[in-house]
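The structure under discussion appears below in the form of structure tokens.
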Amino acid sequence: MDTRVHTSEDAPVMEELKWVPSTVDVTRPSVARMYDYYLGGSHNFEADRAAAKQVEQIFPGVAQSAQANRSFLRRVVRHLVAEGVDQFLDLGSGIPTVGNVHEIAQHDNPNAHVVYVDFEPVAVSHSNALLADNPYATAVLADLRNPEAVLGSARDVLDFSRPVAVLIVAALHFVPDSDDPYGSVARYMDALPSDSYLVITHGTQDGITEEEKAMADRITKVYQNTDNPVTVRTHAEVTRFFDGMELLEPGVVTVDKWRPDSYEDRTGVYGAVARKP
């Protein structure tokens, strides 16, 4: 098995990835590394690219959807920094690529603090390599489904007596109902003060045709062979994550409709931002 990193065009990097933890199974596709591939990143392996290309064959617009999701994240972080938020907890952050949260936030506020959280060792290892000279940002190897452990680790960087923005972007659709995603989200927000924010994007099959539904079912089967199968949710189910919070306009909409600054194609991903009163 080739364990060198490749670009999305499969151009090899000459140096072996000595920083990849020995516990990483590079023969099993990772949703974080597949997402990195969709975004044009270079931190993915043969198995990740093969699975991602299966999805691309079914849905050629998957890369554009991932990029629209990243564009939403950029707009949201800039908005929150403008509102005075200077602390971000990014859950299920994935592989760091251009336009990550710390780059966006610290561009407008150099003192913004960011904690990335992921259970993908490659994501955390590479994040910390990139952040070695950044005193206000770090990455933690942890599972977002364990809020107490995540919050305990994040306290080294974030001050929970002041507002924090919790970002769960393209992650909750990899958490099945059996793992109580609603309870996990509630525990994060319960631990934070008023004027904290919750940001979520989440895959859906709402409003799709029967032909698109068949395509989505085929994609779901591909993800069954990864480290995290997909659980899509309806508009009402995504809205439920924000119970007790004040949704910012325009509410729960597809990410291309959330305060767009340019034209973007329709996506099957909901996005929303809410403030804790």
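The values are calculated or read from the model by the stated rules, or taken from the named source; none is laboratory data. For clarity, every value in this text was computed on a predicted model and none was experimentally measured. When we count neighbours, we look across all protein chains shown, and the Cβ atoms used for this are built from the backbone with ideal geometry, even at glycine.
Of all residues in segment 108-125, those satisfying the criterion of being in contact with a helix residue (DSSP H, G or I) (Cβ under 8 Å, 6 or more places away or on another chain) and of a type outside the set (Asp, Glu) are Asn109, Ala112, Val114, Val115, Tyr116, Val117, Val122, Ala123. Note on segment 77-92: residues that are at negative phi and crowded, with 19+ Cβ neighbours inside 10 Å total 10.
Listed here are the residues, each with its yes/no results for (1) touching a His at 6+ places or on another chain (Cβ under 7 Å); (2) under 30 Å from Asn44 (Cα atoms).
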position	(1), (2)
Leu167	no, yes
Ser196	no, no
Val199	no, yes
Gly207	no, no
Glu211	no, no
Asn225	no, yes
Val232	yes, yes
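Residues in segment 39-54 that are under 18 Å from the mean Cα position of the chain (by Cα) and in contact (Cβ under 8 Å) with a residue 24 or more places away in the chain: Leu39, Gly40, Gly41, Ser42, His43, Asn44.
Taken as a whole, segment 136-145 holds no residue that is at pLDDT below 95, surrounded by fewer than 23 Cβ atoms within 10 Å (Cβ to Cβ) and either touching an Asp or Glu at 6+ places or on another chain (Cβ under 9 Å) or of a type outside the set (A, V, I, L, M, F, W, C) (or both).
The conditions of being under 29 Å from Val222 (Cα atoms) and aliphatic (A, V, I, L, M) are met by Val140. Would you check if Leu151 is more than 30 Å from Thr27 (Cβ to Cβ) and either touching a residue at least 24 places away in the same chain (Cβ under 8 Å) or crowded, with 20+ Cβ neighbours inside 10 Å (or both)? So Leu151 passes the test. Checked against the criteria, Thr23 does not count as of a type outside the set (A, V, I, L, M), exposed (fewer than 12 other Cβ atoms within 10 Å of the Cβ) and at pLDDT 80 or above.
Taking the criterion of being in contact with a Gly (Cβ under 6 Å, 6 or more places away or on another chain) and of a type in the set (Ser, Thr, Tyr), the only residue of segment 65-101 that qualifies is Thr97.
Of all residues in segment 84-130, those being within 23 Å of Arg28 (Cβ to Cβ), at pLDDT below 95, among the aliphatic types (A, V, I, L, M) and in contact with a strand residue (DSSP E or B) (Cβ under 9 Å, 6 or more places away or on another chain) number 3. Residue pairs whose Cβ atoms lie under 7 Å apart, separated by 6 or more positions or on different chains, with the first residue in segment 58-77 and without any contact (Cβ under 8 Å) to a residue 24 or more places away in the chain and hydroxyl-bearing (Ser, Thr, Tyr) and the second crowded, with 20+ Cβ neighbours inside 10 Å and in a helix (DSSP H, G or I), do not occur. Looking at the structure I just gave you, is Ala171 without any contact (Cβ under 8 Å) to a residue 40 or more places away in the chain, among the hydrophobic types (A, V, I, L, M, F, W, C) and closer than 15 Å to Asp118 by Cα? For Ala171, the condition - without any contact (Cβ under 8 Å) to a residue 40 or more places away in the chain, among the hydrophobic types (A, V, I, L, M, F, W, C) and closer than 15 Å to Asp118 by Cα - is not met. Out of all the residues in segment 216-255, which are under 24 Å from Asp118 (Cβ atoms) and among the β-branched types (Val, Ile, Thr)? Of everything in segment 216-255, those that are under 24 Å from Asp118 (Cβ atoms) and among the β-branched types (Val, Ile, Thr) turn out to be Ile219, Thr220, Val222, Thr226, Val230, Thr231, Val232, Val238, Val255. For beta carbons closer than 6 Å, sequence separation of 6+ or different chains, a first residue in segment 177-198 that is touching a residue at least 60 places away in the same chain (Cβ under 8 Å) and a second that is part of a loop (DSSP other than H, G, I, E, B) and of a type in the set (Lys, Arg), the qualifying pairs are Met189/Lys276; Ser194/Lys276; Ser196/Lys276.
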